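Undergrad: Can you keep this structure in mind? I'll have questions shortly.
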Amino acid sequence: MALDERVITKAIVDRYYEKICGILDLDAAIVGAGPAGLVAGYCLATAGKKVAVFERKLSVGGGMWGGGMLFNEIVVQEEACHVLEELGVRTRLYREGYYTADAVEAASTLASRCVKAGAPVFNAVSVEDVVMRPEGIVGLVLNWTAVDMAGLHVDPLAIRARAVIDATGHDAEVVKVVHKKVPGTLKTPSGTLEGEKSMWSEEAERLTLENTREVFPGLFVAGMAANATFGGPRMGPIFGGMLLSGKKVAELVFTFLETSAVPR
Ligand code: 48H
């Protein structure tokens, strides 16, 4: 069969159009396709929720690919191994309580399971703002990352979501935007971002989970963004806290969706 470039072009445009029109009205929108965001996407999609992930970079997987200092292995503590096992990432016992996984296998498998579960990832898309109503956050404002990189003055597009998860890592970008627009209103001790603290692996892993919660009506934080928001330390290249945080935020958002009647 002869291949026609016009058909190839139309196939891509039609399919992308179908994909983006399918996510204009979400149960949950996840910002950031690192380990926390991908696990949250997988869990919410598996639980039957309409969810999508938006990732600024072309590549998904966030900070996992390079392991520690580009040695592409990650460490996961025993308590979190079940998350990797559930998603099909192989782990190896290093010594009691400590397991390792191949960083490339972990990043690619989490991404694959997230998308296949029904949570599409929109890569090269940056979240630059939120959609706000008196009851809280009800959506996201999106633009191509390339527009931002080129410094072009191009207006964004927006989607609606009953809940938003900030899984943007160290920068906690969605929380920062909300703080800028309505200062002093975050559900943190000071009402502002508490800021990430220096490395303390054990405390950081505990706090990542504790800090995974709602920070503003309709906005939840997960992964490193949770510690940046609530003032926890960093932990280095151990990823159990990120995986467990992704699972926990999915459970919190699931309950939020089941119990609150946010109008669309
Ligand atoms: C769209 C955005 C935007 C935006 C950022 O950094 P991540 O891997 O985040 P987590 O929390 O899942 O995992 C953190 C982990 O990778 C890590 O950094 C650790 C354990 N550090 C310990 C230490 O001591 O340093 O992924 C976040 C993703 C990235 O891919 C960003 O590109 C993306 O979010 N992102 N996407 N719109 N505005 N901002």
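Undergrad: Using the Cα centre of the chain as origin and beta-carbon charges of +1 (Lys, Arg) and -1 (Asp, Glu), tell me which of Leu252, Cys81, Ala103 is placed farthest towards the positive end of the dipole.
TA: Among Leu252, Cys81, Ala103, the one farthest towards the positive end of the dipole of the chain is Leu252.
Undergrad: Rounded to the nearest 5, what is the percent of antiparallel bridges among the DSSP beta bridges in the chain?
TA: Details: 23 of 41 bridges.
Looking only at bridges with both residues in the chain, the antiparallel portion is about 55 percent.
Undergrad: Consider all pairwise Cα distances in the range 104-193 and report the whole-number % of them above 21 Å.
TA: The proportion of pairs with Cα distances above 21 Å equals 43 percent.
Undergrad: Based on Cβ point charges of +1 for Lys and Arg and -1 for Asp and Glu, what charge dipole magnitude is obtained for the chain about its Cα centre, in debye rounded to the nearest 20? If you can, show how the numbers build up before the last one.
TA: Working: 27 positive and 32 negative charges, 95 e Å.
Roughly 460 debye, rounded to the nearest 20.
Undergrad: For the chain, please report how many Lys pairs fall under 24 Å Cα to Cα, leaving out neighbours fewer than 8 apart on the same chain.
TA: 28
Undergrad: Within the P(r) computed for the range 1-92, what percentage of the Cα pairs occupies the region above 16 Å? Before the final figure, lay out the partial values.
TA: On the way: 2880 of 4186 pairs.
In whole percent, the long-distance tail amounts to 69.
Undergrad: Under 10 Å, Cα contacts only: if you run a Gaussian network model on the chain, which one of Gly139, Gly184, Gly241 comes out with the highest mean-square fluctuation?
TA: Gly184
Undergrad: Sticking with this one: Binning at 10 Å from 0, report for the chain what percent of all alpha-carbon pair distances ends up in each bin.
TA: Per 10 Å bin, starting at zero, the Cα-Cα P(r) for the chain comes out as 7, 31, 36, 19, 6, 1, 0 percent.
Undergrad: A further question follows. Pick from Glu203, Glu85, Glu18 the residue whose mean-square fluctuation is largest in a GNM of the chain, springs joining Cα atoms under 10 Å.
TA: Ranking Glu203, Glu85, Glu18 by mean-square fluctuation puts Glu18 first.
Undergrad: Using alpha-carbon positions, what is the distance between the centroids of the range 185-264 and the range 35-68, in Å?
TA: Distance between centres, Cα-based: 15 Å.
Undergrad: Still on this model: How many angstrom separate the Cα center of the range 116-183 from the Cα center of the range 78-104?
TA: With the range 116-183 and the range 78-104 each reduced to a Cα centre, they are spaced 31 Å.
Undergrad: Name the most mobile residue of Ile20, Ile159, Ile74, meaning the one with the largest mean-square fluctuation, in a Gaussian network model of the chain with Cα contacts below 10 Å.
TA: The residue with the greatest mean-square fluctuation here is Ile20.
Undergrad: Classify the range 188-264 as rounded, prolate or oblate from the Cα gyration tensor: take a ≥ b ≥ c as the square roots of its eigenvalues, call it rounded if a/c is under 1.5, otherwise prolate when a/b beats b/c and oblate if not. Could the numbers behind the result be given before it?
TA: Numbers: a/c = 3.36, a/b = 1.62, b/c = 2.08.
Because a/c hits 1.5 or more and a/b fails to exceed b/c, the range 188-264 counts as oblate.
None of the figures in this text is laboratory data; all of them are computed from the coordinates on show. Predicted, not measured: the structure shown is a model, and the values here were computed from it. As a convention, Cβ positions derive from the backbone with ideal geometry for all residues, glycine included, and neighbour counts pool all protein chains shown.
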